[in-house]
Amino acid sequence: MRVERHPSTALLESDITEYREEGVVCVPRLLSGESLIHAREAAWEAYRYEAEPWWDERGMTVLQGAGDWHSDRTLRDLVLGPLGEAAAALVGGRVRLFTGGFLFLEPHRDTPTVRHSDAPYDPYDATETITAWIALSDIPEERGCLSCLPRSHRDRGLVPILRGPSVTLPLAAGDGVFHNGRTVRWAGGNTTEEPRIVVFARYMAADAIYNGRPDAITDPLGLTVGHPLGGAHFPLITGALHD
């Protein structure tokens, strides 16, 4: 049985089962054809005019971040459309967008990302948190593909960081990975001649509560600890791009 979520995105029931059991799932050809071409063009355009070094405190890797989903129509349609709809289907409930954009890992930047998970750093408490990570270029292992510890999302402690069988997830352009915010993951550096190009989006359960942890997204907003996140900054995924 297929769960049709969007003209360019269909999840299998097995994808949903695998995500919930393993905390991570790969979805082949999540973007293809014109959707993939337009996303890649938008990423390059954003990179050309907007990219700035971005220090990932969780992984200690300097990346180039670009794109504003509020104003970039292609990016907005992706993160509020097929990516958000797939994320909602995988967790089995309503989700809100927390942030999204394009990421570039430039050629010959060979510093790896250390093992980490998002949940200890998130500025919100939520029953579910999920990240979409979609390849806009081929991402073999030598270009810094993701690796993770399946089922580590089930353990709230630090033990999975040090043990357990890992999986490495090379991707072709258009393939996607969805992972739970508690799933332990890491990535190698890019030792190739081409950049690693990704569109990413982070989603949280619709009833997420602000917890006051420092974060570049929430710090400027003057939020009150204990209040729910919502409104235009954190839109609910409805399946309707123009609501």
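Overall, the stretch 180-239 carries a charge dipole of about 180 debye about its Cα centre when +1 sits on the Cβ of Lys and Arg and -1 on the Cβ of Asp and Glu, all other atoms neutral.
In terms of its C-alpha gyration tensor, the chain comes out rounded, because the ratio a/c of the largest to the smallest axis stays below 1.5.
Rounded to the nearest percent, how much of the accessible area of the chain (1.4 Å probe, protein heavy atoms only) is carbon and sulfur? C and S fraction of accessible area: 52 percent. Go ahead and collect, in residue order, the members of the stretch 195-226 whose backbone nitrogen is under 19 Å from a label point 7 Å along the Cα-Cβ direction of ASP110. Under cut-off, by backbone N: 195-196.
Label separation (ASP207 vs ALA119): 1.8 nm, computed from points 7 Å beyond Cα along the C-beta direction.
Computed from the Cβ-Cβ distance with R0 of 41 Å, the FRET efficiency linking THR168 to THR224 stands at 0.45. Note on the chain: dipole from Cβ charges, positive end direction compared against GLY92, VAL114, LEU30; the farthest Cα belongs to GLY92. Normalised by the number of residues in the chain, the average gap of Cα pairs under 8 Å and 6 or more apart makes the relative contact order 27 percent.
Close amide H contacts of CYS145 (hydrogens built in the peptide plane, cut-off under 5 Å, sequence separation of 5 or more or a different chain): GLY188. Taking every C-alpha pair closer than 8 Å and separated by at least 6 residues, the mean separation divided by the residue count of the stretch 169-243 gives a relative contact order of 23 percent. About its Cα centre, the dipole of the chain is roughly 580 debye, where the only charges are +1 on Lys and Arg Cβ and -1 on Asp and Glu Cβ.
Peptides 83-95, 36-48 ranked from most to least packed, by the mean per-residue count of other Cβ atoms within 10 Å: 83-95, 36-48.
The values are calculated or read from the model by the stated rules, or taken from the named source; none is laboratory data. Computed from a predicted structure; not experimentally measured. Every residue, glycine as well, gets a Cβ built from its backbone with ideal geometry; the counts of neighbours run over all protein chains shown. Quick note on the areas: whole protein, heavy atoms, side chains included, nothing else; ligands and nucleic acids left out. Shrake-Rupley method; radii C 1.70, N 1.55, O 1.52, S 1.80 Å.
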